[in-house]
1. Scan region 5-24 for residues that are open to solvent by 20 Å² or more (accessible area, probe 1.4 Å), farther than 14 Å from MET39 by Cα, part of a helix (DSSP H, G or I) and not aromatic (Phe, Trp, Tyr) and jot them down.
2. Counting residues that are surrounded by 12 or more Cβ atoms within 10 Å (Cβ to Cβ) and modelled with pLDDT of 90 or more, which helices (runs of 4 or more DSSP H) fully inside region 28-90 reach at least 1?
3. If a residue has to be of a type in the set (Ser, Thr, Tyr) and under 17 Å from LEU8 (Cβ atoms) to count, how many in region 19-43 make the cut?
Amino acid sequence: ARHTYASLMIAAGVNAKALCEFMGHSSIQVTLDLYGHLMPGAESEAASRLDALLANAESQARGGAYQMSTTHQPSQAASSVSEQFSESQPEQSQTDPFAGDLAR
């Protein structure tokens, strides 16, 4: 029942720190060790955010205004971290957040 609860919370978009507190874990590390495999897209989201930061930094260095945005077009000079990451990672199911859940 606890694993199902945690799985549903992750599917609903609850962040790891809040889940840690809801589950009563002693640290976020316990939560991530147990349920990190259920957090699809965490790596690609982080890579996309880094791409946005690098693109904005390059734009600012060229005299443009800093813009924080979740959607962006990475420049040629700033190598796309998300593209490099996605090439090195196996495809994960975006439609089933519980894919592989029973295997663990």
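1. Correct list: GLU21 only.
2. Helices (runs of 4 or more DSSP H) meeting the threshold: 28-35, 42-61.
3. 2
The values are calculated or read from the model by the stated rules, or taken from the named source; none is laboratory data. Here the structure is a predicted model, which means the values were calculated and not measured. Don't worry about glycine lacking a Cβ; one is built from the backbone with ideal geometry, like all the others, and counts go over all protein chains shown. When the accessible area is computed, the model is the full protein with side chains, heavy atoms only, and any ligands, DNA or RNA have been set aside. Shrake-Rupley method; radii C 1.70, N 1.55, O 1.52, S 1.80 Å.
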